[in-house]
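First comes the structure, then the notes that go with it.
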Amino acid sequence: MDFKRLAEQYKTELLDGVLPFWLEKSQDREFGGYFTCLDRDGSVYDTDKFIWLQGREVWMFAMLYNKVERRPEWLECAVQGAEFLRKYGHDGNYNWYFALTREGRPLVQPYNIFSYTFAAMAFAQVAVATGSDEYALIAKRTFDRILEKRANPKGEWCKAYPGTRSLKSFALPMILCNMALEIEPMIDKQLLADTIGECLHEVMEVFYREELGLIVENVTEDGQLSDTFEG
């Protein structure tokens, strides 16, 4: 297999195909942020804006600007998305909604902690790209909110009946470890080390089951296997 040829193929597809498509078709030039419900030809079939995807697109273009090439159009795209999120994505206390209307009005309450994680990663990258203290502060405050919510991520919007089958999810320590590295310049070094250490412990000693040779998606609150679909 010619890995050099494959690398060039992937690079060409990304830089000449994927990124120009999203730069041209996804940006909402009127209200800010991005359209993410697109047909293959780029036509928009739904204008609702989901915080997960808004954050991912900010992160992507800011990361490319930081690590691949300082193209002004990439930075402009990241910043306009970050500004939309800054204005409309949260409730003022960095509780990040799940979905917004095209104009930025909340549609779905901030029940999902992954809205928070993608927002934190987005603002961390765009803070590095712009040198903005405000963006760095948003990343830091959002990270703090995530740590506050770890024990009960969905809060009042949790649908599970309390005390019957309480489960811990693998998804949170997995993404927390990644996110902590993303926002490393904005947080205390000891907090970073503690967070990564806790996440590694949970992934490798709680969710990884040596007897099964795999990582399970959910365990009970005391770290045992749950003989259920979710487990």
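The values are calculated or read from the model by the stated rules, or taken from the named source; none is laboratory data. Quick caveat, the model's predicted, so the values are computed rather than measured. Methodologically, a virtual Cβ is constructed for each residue, glycine included, from the backbone with ideal geometry; neighbour enumeration extends over all protein chains shown. These area figures cover heavy atoms from the full protein model, side chains too; ligands, DNA and RNA do not enter into them. Shrake-Rupley method; radii C 1.70, N 1.55, O 1.52, S 1.80 Å.
Quick look at the values:
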| read-out | value |
| --- | --- |
| Pair list, Cβ < 6 Å and 6+ apart or interchain, from the range 96-108 residues that are under 13 Å from Lys154 (Cα atoms) to residues that are among the polar types (S, T, N, Q) | Trp96/Ser115; Phe98/Asn112; Phe98/Ser115 |
| One residue from Ala119, Ala160 being of a type in the set (Gly, Ala, Ser) and touching a Phe, Trp or Tyr at 6+ places or on another chain (Cβ under 7 Å) | Ala119 |
| Residues satisfying the stated conditions in the range 23-74, i.e. touching a strand residue (DSSP E or B) at 6+ places or on another chain (Cβ under 8 Å), open to solvent by 50 Å² or more (accessible area, probe 1.4 Å) and more than 21 Å from Arg86 (Cα to Cα) | Lys25, Asp39, Val44, Tyr45, Asp46 |
| Condition broken by Val219, with the remaining ones in (1) farther than 26 Å from Glu57 by Cβ; (2) assigned to a helix (DSSP H, G or I); (3) in contact with a Phe, Trp or Tyr (Cβ under 8 Å, 6 or more places away or on another chain) satisfied | (2) |
| Test: residue in the range 208-219 that is among the small types (Gly, Ala, Ser), over 25 Å from the mean Cα position of the chain (by Cα) and loosely packed, with under 14 Cβ neighbours inside 10 Å | yes |
| Residue match in the range 125-134 (condition: surrounded by 14 or more Cβ atoms within 10 Å (Cβ to Cβ) and in contact with a strand residue (DSSP E or B) (Cβ under 7 Å, 6 or more places away or on another chain)) | no |
| Among (1) open to solvent by 70 Å² or more (accessible area, probe 1.4 Å); (2) over 18 Å from the mean Cα position of the chain (by Cα), the one test that Leu14 misses | (1) |
